[in-house]
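Chemist: For reference, the structure I am asking about is given below.
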Amino acid sequence: MSTDELLLYAENHGHTVIYANLGQTKAFSVDYCGSFIALDKSLSGVEEKELAAHELGHREYGGSYNRFSQYDIKEKSENRANKWAYYKLVPPGELRAALRKGIVEHWELADLFDVSCDFMFNAMDYYRIAGVI
């Protein structure tokens, strides 16, 4: 899935994506008078796509957390957002097909799916633990 496809998905699902100078944060999402995703203007390429997918994961999974609440678990929300991003950017069926074709190195798979090596490593690790691959 490309960045443009992710942005179209966001629009079609009622999420407003804005670009702003965010500094070190790079991306965040909020649910306040609507669903908003903010991405830093400096983002491009794979980094923009991965962060957009992650923030969409927060919106689609309802994975927001209140940092002031002792009952919200940040890691749970982050894991759910990552899971959503993995399924959108590296669909399990397509990954299994690539592995059957002999494409097994992380860097080869990252090139194939147009994601970073770190993202691919994390996606494959998640899929292995979940028993998907």
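The values are calculated or read from the model by the stated rules, or taken from the named source; none is laboratory data. For clarity, every value in this text was computed on a predicted model and none was experimentally measured. Reconstructed Cβ throughout: ideal geometry from the backbone, glycine too, with neighbour counts over all protein chains shown. Each accessible area value is taken on the protein alone, full model and side chains, heavy atoms only, with ligands, DNA and RNA left out. Shrake-Rupley method; radii C 1.70, N 1.55, O 1.52, S 1.80 Å.
Chemist: For the Cα atoms of the chain, what angle does the longest principal axis make with the long axis of helix 3-12, in degrees from 0 to 90, nearest 10?
Modeler: The angle comes out at about 50 degrees.
Chemist: Just to check I understand the Karplus step: with θ = phi - 60° and J = 6.51 cos²θ - 1.76 cosθ + 1.60, what whole-Hz values come out for the range 31-45, glycine and proline as x?
Modeler: These are the phi-based 3J(HN,Hα) values: 10, 9, 6, x, 9, 10, 10, 10, 10, 5, 4, 7, 6, 7, x Hz.
Chemist: Now a separate question. Could you check the spin-label model distance between Leu112 and Leu8? Points 7 Å from the Cα along Cα→Cβ, value in nm.
Modeler: 2.4 nm
Chemist: Quick check on the chain: helices-only [θ] at 222 nm, where DSSP H runs of length 4 and up contribute -39,500 (n - 2.57) each and the sum goes over total residues. Nearest 500, please.
Modeler: Estimated from H runs of four or more residues: -17500 deg cm²/dmol.
Chemist: Moving to a separate point now. Past the 31 Å Cα-Cα mark, which pairs from Lys26/Lys88; Lys49/Lys76; Lys41/Lys101; Lys49/Lys74?
Modeler: Pairs exceeding 31 Å: Lys41/Lys101.
Chemist: Expressed as an acute angle from 0 to 90° and rounded to the nearest 10, what is the orientation of the C-alpha long axis of helix 74-89 relative to the principal long axis of the chain?
Modeler: Between helix and principal axis, roughly 50 degrees.
Chemist: At 1.4 Å probe radius, can you tell me the per residue accessible area of the range 80-126 in Å²?
Modeler: 54 Å²
Chemist: Pop a pseudo-label 7 angstrom from the Cα along the beta-carbon direction at both Ile18 and Glu75 and give the gap in nm to one decimal.
Modeler: 3.3 nm
Chemist: I would also like to ask the following. Using the Karplus curve 6.51 cos²θ - 1.76 cosθ + 1.60 with θ = phi - 60°, work out ³J(HN,Hα) for each residue of the range 101-116 in order, rounded to whole Hz, and write x for Gly and Pro.
Modeler: 7, x, 8, 10, 6, 4, 5, 5, 5, 4, 4, 4, 8, 6, 10, 6
Chemist: Shifting gears a bit: Output the antiparallel fraction of DSSP beta bridges having both residues in the chain, as a percent to the nearest 5.
Modeler: In the chain, approximately 45 percent of DSSP beta bridges are antiparallel ones.
Chemist: Another question about this same structure. How high is the relative contact order of the chain, in percent, counting Cα pairs under 8 Å that sit 6 or more residues apart?
Modeler: After rounding, I find 18 percent.
Chemist: What's the local net charge at Ala10, with K and R +1, D and E -1, over the other residues with C-beta under 13 Å away?
Modeler: Result for the local shell: -3.
Chemist: Using only Cα atoms, find the angle between the long axis of helix 117-130 and the longest principal axis of the chain, and express it within 0 to 90 degrees, rounded to the nearest 10.
Modeler: The two axes meet at around 80 degrees.
Chemist: Let me ask you something else. Computed from the coordinates I sent, Cα Rg over 2.2 N^0.38 Å equals one of (1) 0.95; (2) 2.30; (3) 1.08. Tell me the label.
Modeler: Only one option fits the structure, namely (3).
Chemist: In addition: If you take every DSSP beta bridge fully contained in the range 1-64, what fraction is antiparallel? Give it as a percent rounded to 5.
Modeler: Around 45 percent antiparallel, to the nearest 5.
Chemist: I'd like the carbon and sulfur percentage of the solvent accessible area for the range 1-52, probe radius 1.4 Å, heavy atoms only, ligands and nucleic acids excluded.
Modeler: 52 percent
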